[in-house]
Amino acid sequence: MYHTDGKENTCTLQGYLIGAGPSEQILDRSVRKIINGIAFASKIISREVGRISLSDLLGEAGGTNVQGETVQKLDIYSEKIICDAIEKTSSVCCMVSEESEDILSFKDVAKKGDYVLLFDPLDGSSNIDVNISTGTIFSIQKRVTPQGTGTIEDCLQPGSSQVAAGYVLYGASTMLILTLGRGVVGFTLDTSIGEFILSHPRITLGEYPGRAYSVNEGNYPHWSESQKCFIRTLKGLEGGEVYCGTSRYVGSLVADFHRTLFKGGIFAYPADSKNPNGKLRLLYEASPVAMICEQAGGKASTGEGSILDVVPTDLHCRTPVYVGSSSLVDLADSFLSS
Ligand code: AHG
Ligand code: MN
Ligand code: MN
């Protein structure tokens, strides 16, 4: 809680969602239930992240997921916690999870659901065992089929049609960042009362570009010439100004994007010869991050156009990502758009 004008501010997430809609548009009750479900699940995940080295959830689950990546026990646990919480809402016709190859649905209640939840249950898995921030990313779409259990058609929608998007960052504090299409707000988990409290009523990317660029330069040898030239230009190595004098890279999208959202700059996961469409997944990583970024006054590009305009080809399709201060994303586009 924090004090303003001597009054204790106790605007909880639930309170915000009830009052969020302006008079002519009350937020749909199902959307509120889904967001509250994610928030509840994230409190449990946050607890487990905070004690991971003391629990048997540390380590690999064995096997690889549809992404071809080694699955961590906490990936699977997080997915289960979220599915259990969302089932109770009777608000989704189906779900897409990074950790499951096919569409997920609940036998009996799916038919009533008007929405689709697309989520990355635990982002930044490679950082779980080194105590570096991880997160949960989510995207909510309205179904397009009239009734029944959700279908692939309900899932493969562009980011521009998202109803809501957000992420929970399990960092020094646990924060939930949310957009309902009317700006970006932030909530901080007050563990003493177990509530997400409104701590950032309006998050915007400042008009001046930040000083940091964020990219895994270990991939430099695999980049295209135009991508290499873009990064060298950012650093002033091509004879022009130094656009970004600082580099920051955590290796968790939620952490690298959160810093960019608060301080400006640019985060990029470019295409390379190993990942010709980039590494990050469109439906539950790039699209929600892009909606948040643009709602905060920034830009989100594939290098060839807006991420929010990309029509998904399959549940786990990937896209190059350039998000952050508009002028820096425009600079990236000037190098990358063919
Ligand atoms: P996830 O843990 O959900 O698979 O996501 C990891 C992603 C993203 O969080 C991060 O930006 C990126 O992988 C880091 O990739 P590199 O380790 O290749 O830089
Ligand atoms: Mn991820
Ligand atoms: Mn993940």
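The values are calculated or read from the model by the stated rules, or taken from the named source; none is laboratory data. Quantities reported herein were computed from a predicted structural model and do not represent experimental measurements. When we count neighbours, we look across all protein chains shown, and the Cβ atoms used for this are built from the backbone with ideal geometry, even at glycine. Calculation scope for accessible area: heavy atoms of the full protein, side chains included, ligands and nucleic acids excluded. Shrake-Rupley method; radii C 1.70, N 1.55, O 1.52, S 1.80 Å.
Of the residues screened, ASP84 is one that is closer than 14 Å to GLY37 by Cβ, away from ligand 2 (no atom under 13 Å from the Cβ) and open to solvent by 50 Å² or more (accessible area, probe 1.4 Å).
If only one of THR174, THR151, THR188, THR179 is more than 13 Å from ligand 1 (Cβ to nearest atom) and more than 23 Å from GLY15 (Cβ to Cβ), which one is it?
THR151
Could we say that GLY19 is closer than 19 Å to ASP123 by Cα, more than 16 Å from ligand 1 (Cβ to nearest atom) and open to solvent by less than 60 Å² (accessible area, probe 1.4 Å) here? When the stated conditions are applied, GLY19 does not pass them. No other residue among GLY251, GLY239 is of a type outside the set (Phe, Trp, Tyr), open to solvent by less than 60 Å² (accessible area, probe 1.4 Å) and either within 16 Å of ligand 3 (Cβ to nearest atom) or more than 23 Å from SER97 (Cα to Cα) (or both) apart from GLY251.
Can you tell me which residue within segment 255-313, out of those that are within 16 Å of ligand 3 (Cβ to nearest atom), assigned to a helix (DSSP H, G or I) and of a type in the set (A, V, I, L, M), is farthest from VAL163 (Cα to Cα)?
So the residue we want is ALA255.
You will find that of GLY159, GLY166, GLY186, GLY181, the residue that is assigned by TED's automatic domain parsing to the domain that holds THR12 and touching a Phe, Trp or Tyr at 6+ places or on another chain (Cβ under 7 Å) is GLY166 and no other. For the residues ILE52, ILE82, the requirement of being over 20 Å from LYS279 (Cα atoms) and more than 13 Å from ligand 3 (Cβ to nearest atom) singles out ILE52. Determine whether SER327 is under 21 Å from ARG211 (Cα atoms), touching a Pro at 6+ places or on another chain (Cβ under 7 Å) and open to solvent by 30 Å² or more (accessible area, probe 1.4 Å). Against the criterion (under 21 Å from ARG211 (Cα atoms), touching a Pro at 6+ places or on another chain (Cβ under 7 Å) and open to solvent by 30 Å² or more (accessible area, probe 1.4 Å)), SER327 qualifies. Restricted to segment 272-291, and to residues there that are more than 23 Å from GLU101 (Cβ to Cβ) and surrounded by fewer than 24 Cβ atoms within 10 Å (Cβ to Cβ), the residue that is nearest to ligand 2 (Cβ to nearest atom) is ASP272.
Quick grid of which residues meet (1) open to solvent by less than 20 Å² (accessible area, probe 1.4 Å); (2) more than 14 Å from ligand 1 (Cβ to nearest atom); (3) farther than 18 Å from SER327 by Cβ:
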{"position": "PRO201", "(1), (2), (3)": "no, yes, yes"}
{"position": "TYR208", "(1), (2), (3)": "no, yes, no"}
{"position": "ARG232", "(1), (2), (3)": "no, yes, no"}
{"position": "ALA255", "(1), (2), (3)": "yes, no, yes"}
